[in-house]
1. Which of the residues belonging to the stretch 92-105 are farther than 17 Å from Thr68 by Cα and either hydroxyl-bearing (Ser, Thr, Tyr) or touching a Lys or Arg at 6+ places or on another chain (Cβ under 8 Å) (or both)?
2. For Gly54, which of the numbered conditions (1) under 25 Å from Ser25 (Cβ atoms); (2) of a type outside the set (Asp, Glu); (3) under 15 Å from the mean Cα position of the chain (by Cα) fails to hold?
3. Output the qualifying pairs, or none if there are none: Cβ atoms under 6 angstrom, residues six or more apart or on different chains, first residue in the stretch 95-113 and under 10 Å from Tyr37 (Cα atoms) and part of a strand (DSSP E or B), second residue open to solvent by 60 Å² or more (accessible area, probe 1.4 Å) and of a type in the set (A, V, I, L, M, F, W, C).
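The values are calculated or read from the model by the stated rules, or taken from the named source; none is laboratory data. Note that the structure is a prediction, hence the values are computed from the model and not measured. Glycine also receives a Cβ, built like all others from the backbone with ideal geometry; neighbour counts cover every protein chain displayed. Protein only, heavy atoms only, side chains kept; ligands, DNA and RNA dropped before computing areas. Shrake-Rupley method; radii C 1.70, N 1.55, O 1.52, S 1.80 Å.
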Amino acid sequence: QVRLVESGGGLVQPGGSLRLSCAASRIIFNNYVMSWYRQAPETQRELVAVAGSGGYTNYADSVKGRFTISRDNAKNTVYLQMNSLKPEDTAVYYCNARCCGNNYWGQGTQVTVSS
């Protein structure tokens, strides 16, 4: 069974940093496009960052210059480094793996930015 397990969420003050991790199992990780999404209460889930297997990355305008997505194919893990966090970054963050007609989600990790 495919599993995506996120970790690293928590409570942080505005201006602080967090690093999210997503460990994947039972997929050929190198083949998959790995993404981070987030969903705040009463809003739609939105794409935050994407990392292709060949080094391609892309970001939502709201996080450009603050967030960095990276992947370690040897560890089957994708990361999201989040700096200069703002209250509006508060959401549940989800890891996504997509390839070949498959689309998998993690269970989500809560990020709360508040003083």
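1. Passing the criteria: Val92, Tyr104.
2. Every listed condition holds for Gly54 apart from (3).
3. Sorted first by the residue in the stretch 95-113, then by its partner, the pairs are Asn96/Trp105.
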